[in-house]
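**Q** First, the structure itself, so that you have it in front of you.
Quick note: the coordinates plus some simple rules give every number you see, no bench work behind them. The structure presented is a predicted model; accordingly, all values stated were derived computationally and were not measured. We place every Cβ from the backbone using ideal geometry, glycine too, and count neighbours over all the protein chains shown.
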Amino acid sequence: MGNPRTLYDKIWDSHIVAQQEAEAYILYIDRHLVHEVTSPQAFEGLRVSGRKVRRPEATFAVADHNVPTKDLDKGIQDPESKLQIDTLEANTAEFGVPYFSMTDDRRGIVHIIGPEQGLTLPGMTIVCGDSHTSTHGAFGALAHGIGTSEVEHVLVTQTLVQEKAKNMLIRVDGDLPPGVTAKDLALAIIGQIGTAGGTGHVIEYAGEAVRSLSMEGRMTLCNLTIEAGARAGMVAPDQTTFEYVQGRPYAPKAGAYEQAVAYWKTLKTDEGAHFDTEIVIDANALVPYVTWGTSPEDALPITGYVPHPTEFKDEGKQIAVERALHYMGLRAGTKLTDIEVDHVFVGSCTNGRIEDLREVARIIEGKQVKDSVNAIIVPGSGLVKIQAEEEGLDKIFEAAGFEWRQPGCSMCLAMNPDKLAPGDRCASTSNRNFEGRQGQGGRTHLVSPVMAAAAAITGRLTDVRDLT
Amino acid sequence: MDKFDKLTAVAAPMPLVNIDTDMIIPKQYLKTIQRVGLGKSLFAEMRYDADGNEIEDFVLNQPAYRKAQILVAGDNFGCGSSREHAPWALKDFGIRCVISTSFADIFHNNCFRNGILPISVSHSDLEKLMDDAERGANATISVDLVTQEIHGPDGGVIKFDIDNFNKHCLLEGLDEIGLTLKKENKVTDFEDARKLDQPWLHT
């Protein structure tokens with residue numbers, strides 16, 4: 001036995017192919033997910049250099065960022081969006097990469113369908129040209145976003161040149177109280193450590209509250225790790241993980257599954273392993289969180305008030321806060337629950353899974369979306385949509401006044417027709433409240449699914465625990 | 001990839017912290033299937049008004065900074081999305097070096113793959129460089145990758161760190177894929193061992 005190692009150390013060590021130079025290692029990549037926005041230039045690079053995809057079977061592609069979420073029978077109206085999706089389809093055909101087409105019920109947001117199909121497995125290295133690839137860390141995989149040049153590198157070599165990151169442990173003790181979700185936990189963490197708090201680190205989430213989360217909750221938590229600046233977030237696999245994976249289309253079949261589980265059980269941090277940074281959070285003390293500004297670190301308990309720039313020590317942050325207040329059209333000192341919203345968006349790779357939709361349905365059943373609010377629900381995948389409809393959730397949504405859409409990234413980043421107009425204010429279950437993120441001039445407040453449901457009913461940011 | 005060794009240029013100050021990739025290149029410009037031509041859309045929502053006219057106050061619209069090749073920016077530059085369109089837009093505009101106290105990981109990697117040098121300096125050094133940058137065209141900054149030094153207009157010298165691999169690649173303008181392919185036999189060896197150890201990953 002060598003030195004005690006963290007989960008990240010173990011996955012890192014088991015994927016080293018060679019040392020390239022000093023701290024730069026060639027790391028093997030087990031799974032490469034591909035979408036239409038960040039891949040065309042990479043495939044073009046292959047064509048120009050006459051190279052092939054090394055392991056098409058370890059690669060998987062789907063279009064998600066640009067896809068419309070309604071009137072799909074009319075085709076894709078935006079010519080640029082259509083070109084990107086057509087290009088993906090042509091590239092996957094040319095290079096033999098498996099692909100879920102626009103007419104396949106299994107299509108959806110790449111980070112939703114990876115886990116759903118069993119493409120995401122414990123112990124893997126997983127990359128995708130999308131920062132929210134951190135989602136897959138929920139399975140005890142090392143998963144992170146890469147740029148297009150790196151997409152090309154992985155397509156050609158099935159490896160990536162990487163420097164090892166530091167280890168950070170976030171231990172969440174106790175239990176999340178009712179009304180407080182994985183989303184609130186993630187926002188609380190980002191609010192505490194900041195959007196650069198995790199820079200240079202891989203975060204392992206541990207502790208009672210994390211263990212108690214479902215796989216979907218863990219995905220939400222790991223998804224938002226990138227908003228804390230960390231390279232990746234991960235949760236050691238356990239019985240919850242194994243049960244989720246078993247039987248999924250691309251998961252190991254009987255025989256191989258047992259062998260895999262025996263290996264996956266070794267994927268945990270050894271006693272006494274070293275973490276460069278450790279943070280402890282008391283789950284019992286948490287409340288629902290919302291963001292007020294234009295950075296995910298602008299997160300506060302819903303019981304709070306919009307801050308004043310002078311509350312921040314750093315001069316750069318003061319400038320950013322002033323700018324954010326102006327952009328968001330907010331006055332310092334305003335009670336967060338007094339902020340009125342005119343849009344509600346439920347969906348995205350952060351909160352577009354079936355459990356998220358069930359939670360929204362539980363809150364809005366028998367209630368009505370306020371007249372002044374435009375509310376849409378976008379399932380994360382075609383299979384999530386079918387599941388929700390089998391459970392009758394779509395009827396609950398539509399009866400309450402929500403629009404029920406086709407799957408896609410939608411208003412999380414507004415590359416498709418779903419976007420805010422200047423000055424619109426949205427309670428959103430997505431992951432970024434950056435300026436212009438949901439549409440130029442649009443104003444985003446990040447919230448959990450139940451908090452989004454509450455805001456839809458009252459027309460303002462609302463503490464879901466107060467809803468009767 | 002374009003080489004980077006030395007650069008002497010005007011530096012534009014952007015003291016804002018957490019300048020994210022959505023600011024650097026808003027998503028409406030991600031629909032291209034090419035790498036070039038994004039320079040005119042760099043910082044589009046800060047740089048142009050709703051009618052597409054330049055906003056005078058914005059630093060890169062000011063006469064002194066229109067040809068800036070260095071950006072001096074607040075903490076955590078490039079946070080957010082993995083879009084390589086961000087360094088593509090910077091490069092297409094003419095920016096070859098970004099100096100901040102810290103960078104988001106993916107953006108940092110993406111810069112190196114595109115011949116852009118991201119330099120991390122201390123808060124106090126950043127303050128000095130920000131002051132220098134605010135003096136506009138009268139105060140050029142020199143960056144020397146070989147000696148890992150930044151020379152200010154008044155003779156001040158700031159040393160910076162960079163990992164050997166990225167330094168080597170930038171100085172030589174090396175193609176990273178070509179470098180890895182030289183070790184392709186090691187990838188094959190790894191895969192062969194893997195088929196025995198974890199066969200479920202190689203079906």
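**Q** Just the number, please: Stokes-Einstein D of chain A in µm²/s, Kirkwood Rh from C-alpha pairs, 20 °C, 1.002 mPa s.
**A** Calculated translational D: 95 µm²/s.
**Q** Convex hull over the Cα atoms of region A:235-308, averaged projected area in nm²?
**A** That works out to 9.0 nm².
**Q** For the charge dipole of the protein assembly as shown, defined by +1 on Lys and Arg C-beta atoms and -1 on Asp and Glu C-beta atoms about the Cα centroid, which residue among B:PRO118, B:ASN185, A:HIS111 has the Cα displaced farthest towards the positive pole?
**A** Ranked along the dipole, the leading option is B:ASN185.
**Q** What do you get for trypsin sites (Lys or Arg not before Pro) in region B:63-132 restricted to DSSP loop and a cutoff of at most 13 other Cβ within 10 Å of the site's Cβ?
**A** Hits after loop and neighbour filter: B:LYS67.
**Q** Using DSSP to call loops (not H, G, I, E or B), can you name the trypsin sites (Lys or Arg not before Pro) in region A:293-366 whose Cβ has at most 14 other Cβ atoms within 10 angstrom?
**A** Loop-located and lightly packed - A:LYS313, A:ARG331.
**Q** Work out from phi, with θ = phi - 60° and the Karplus expression 6.51 cos²θ - 1.76 cosθ + 1.60, the ³J(HN,Hα) of each residue of region A:427-438, listed in order in whole Hz, and give x for Gly and Pro.
**A** 8, 10, 8, 7, 10, 9, 10, 4, 3, x, 4, 9
**Q** Can you give the average number of partner chain beta-carbon atoms within 10 Å of each beta-carbon in peptide A:149-155, as a whole number?
**A** Shielding by partners across A:149-155 averages 5.
**Q** Quick one: net charge around B:ILE119, please, counting Lys, Arg +1 and Asp, Glu -1 for every other residue with C-beta under 13 Å from its C-beta.
**A** Details: positive: B:ARG96, B:LYS159, B:LYS167; negative: B:ASP125, B:ASP144, B:GLU149, B:ASP161, B:ASP163.
Cβ neighbours under 13 Å give a net charge of -2.
**Q** Could you work out which residue, out of B:ASN185, B:ASN138, B:ASN110, moves most in a Gaussian network model of chain B, that is, has the largest mean-square fluctuation with Cα springs under 10 Å?
**A** Taking springs between Cα atoms under 10 Å, the residue moving most is B:ASN185.
**Q** Another question about this same structure. Based only on the alpha carbon positions, what is the Kirkwood hydrodynamic radius of region A:320-399, in angstrom?
**A** Value: 14.6 Å, from the Cα pair sum.
**Q** Kindly write out, for region B:164-180 in residue order, the coupling ³J(HN,Hα) from the Karplus curve 6.51 cos²θ - 1.76 cosθ + 1.60 (θ = phi - 60°), rounded to whole Hz, with x marking Gly and Pro.
**A** These are the phi-based 3J(HN,Hα) values: 4, 5, 5, 4, 4, 4, 5, 5, 9, x, 7, 8, 5, 5, x, 4, 5 Hz.
**Q** Counting only DSSP beta bridges with both residues in the protein assembly as shown, what percent are antiparallel, rounded to the nearest 5?
**A** Antiparallel: roughly 35 percent of the beta bridges in the protein assembly as shown.
**Q** On alpha-carbon atoms, Rg over Rh for region A:32-181 using Kirkwood Rh?
**A** 1.02
**Q** Summing Lys, Arg as +1 and Asp, Glu as -1, what charge do residues with Cβ under 10 Å from the Cβ of A:GLU340 carry, A:GLU340 excluded?
**A** Its environment carries a net charge of +1.
**Q** Could I ask something else about it? Quick one: 3J(HN,Hα) in Hz for region B:118-129, Karplus 6.51/-1.76/1.60 with θ = phi - 60°, rounded, Gly and Pro as x.
**A** x, 10, 9, 10, 5, 4, 5, 5, 5, 4, 4, 5
**Q** When the scattering of region B:117-183 is computed by the Debye formula from its Cα atoms alone, each counted once and equally, what is log10 I(q)/I(0) at q = 0.29 Å⁻¹?
**A** For region B:117-183 at q = 0.29 Å⁻¹, log10 I(q)/I(0) is -1.29.
**Q** Which one, A:ILE26, A:SER214, A:SER381, is farthest towards the positive end of the dipole of chain A when Lys and Arg carry +1 and Asp and Glu -1 on their Cβ?
**A** Going by the charge dipole, the pick is A:ILE26.
**Q** Counting only Cα, what are the radius of gyration and maximum Cα-Cα distance Dmax of region A:93-147, in Å?
**A** In Å, with Rg to one decimal and Dmax whole: 11.7, 33.
**Q** Of the residues B:GLY115, B:GLY37, B:GLY178, which exhibits the maximal mean-square fluctuation in a Gaussian network model of chain B defined by a 10 Å Cα contact cut-off?
**A** B:GLY178
**Q** While we're looking at this one, here's another question. Just the number: Rg to Rh for region A:363-468, Cα atoms, Kirkwood Rh, two decimals. Walk me through the numbers on the way to the answer.
**A** Numbers: Rg = 13.5 Å, Rh = 14.2 Å.
Rounded to two decimals, Rg over Rh is 0.95.
**Q** While we're on this one: Holding the Cα-Cα limit at 20 Å, pick out from B:LYS31/B:LYS91; A:LYS82/B:LYS27; B:LYS31/B:LYS167; B:LYS40/B:LYS167; A:LYS385/B:LYS31 the pairs that are longer than that.
**A** B:LYS31/B:LYS167; B:LYS40/B:LYS167; A:LYS385/B:LYS31
**Q** Now for a separate question. If we count every other residue with Cβ under 13 angstrom of A:LYS82's Cβ, Lys/Arg +1 and Asp/Glu -1, where does the sum land? Numbers along the way, then the final one.
**A** Working: positive: A:LYS74, B:LYS31; negative: A:GLU36, A:ASP78, A:GLU80, A:ASP86, A:GLU89.
Within the 13 Å Cβ shell, the charges total -3.
**Q** While we're here: Checking a compactness column here: for region A:1-81, what do you get for Rg(Cα) / (2.2 N^0.38 Å), N being the number of residues?
**A** 1.64
**Q** Between the alpha-carbon centers of region B:90-139 and region B:24-72, tell me the distance in whole angstrom.
**A** 16
**Q** With +1 assigned to the C-beta of every Lys and Arg and -1 to the C-beta of every Asp and Glu, and no other charges, what is the dipole magnitude of region A:114-195 about the Cα centre in debye, to the nearest 20?
**A** 200
**Q** Under 8 Å for C-alpha pairs, at least 6 residues apart: give me the relative contact order for chain A, rounded to a whole percent. Mind dumping the intermediate values first?
**A** Details: 1105 pairs, mean separation 80.2, N = 468.
Result for chain A is 17 percent.
**Q** Now, a different point. Can you tell me what share of the DSSP beta bridges in region B:75-189 is antiparallel? A percent to the nearest 5 is fine. Mind dumping the intermediate values first?
**A** Values: 6 of 11 bridges.
Percent antiparallel among DSSP bridges in region B:75-189 is about 55.
**Q** Mean-square fluctuation check for chain B, GNM, Cα pairs under 10 Å: which of B:ALA64, B:ALA139, B:ALA193 is largest?
**A** Comparing B:ALA64, B:ALA139, B:ALA193 in a Gaussian network model of chain B, the most mobile one is B:ALA193.
**Q** Shifting gears a bit: Could you work out how far helix B:184-197 tilts from the main Cα principal axis of chain B, as a 0 to 90 degree angle to the nearest 10?
**A** Roughly 60 degrees, rounded to the nearest 10.
**Q** What fraction, in whole percent, of alpha-carbon pairs in region A:116-177 exceed 14 Å separation?
**A** Roughly 66 percent, once rounded to a whole number.
**Q** Taking chain B, how much of its Cα-Cα pair set, in percent, is spaced more than 25 angstrom apart?
**A** Counting every Cα pair in chain B, those more than 25 Å apart make up 41 percent.
**Q** Once all Cα-Cα distances of region B:78-190 are split into 10 Å bins that start at 0, what whole-number percent is in each one?
**A** Calculated over all Cα pairs of region B:78-190, the distribution is 12, 38, 34, 11, 4, 1 percent.
**Q** If you look at just the Cα atoms of region A:243-376, how large are its Rg and its Dmax in Å?
**A** Cα-based Rg and Dmax for region A:243-376 come out at 22.0, 62 Å.
**Q** May I pose another question? Which value at 222 nm does the protein assembly as shown reach when only helices count, each DSSP H run of 4 or more adding -39,500 (n - 2.57), with the total divided by all residues and rounded to the nearest 500 deg cm²/dmol?
**A** For the protein assembly as shown, the value works out to -9000 deg cm²/dmol.
**Q** Could you work out, residue by residue across B:104-114, how many beta carbons of other chains sit within 10 Å of that residue's beta carbon, and then give the average as an integer? Let's see the in-between values first.
**A** Details: counts 8, 14, 11, 2, 3, 10, 5, 1, 3, 8, 3.
Mean partner shielding for this stretch: 6.
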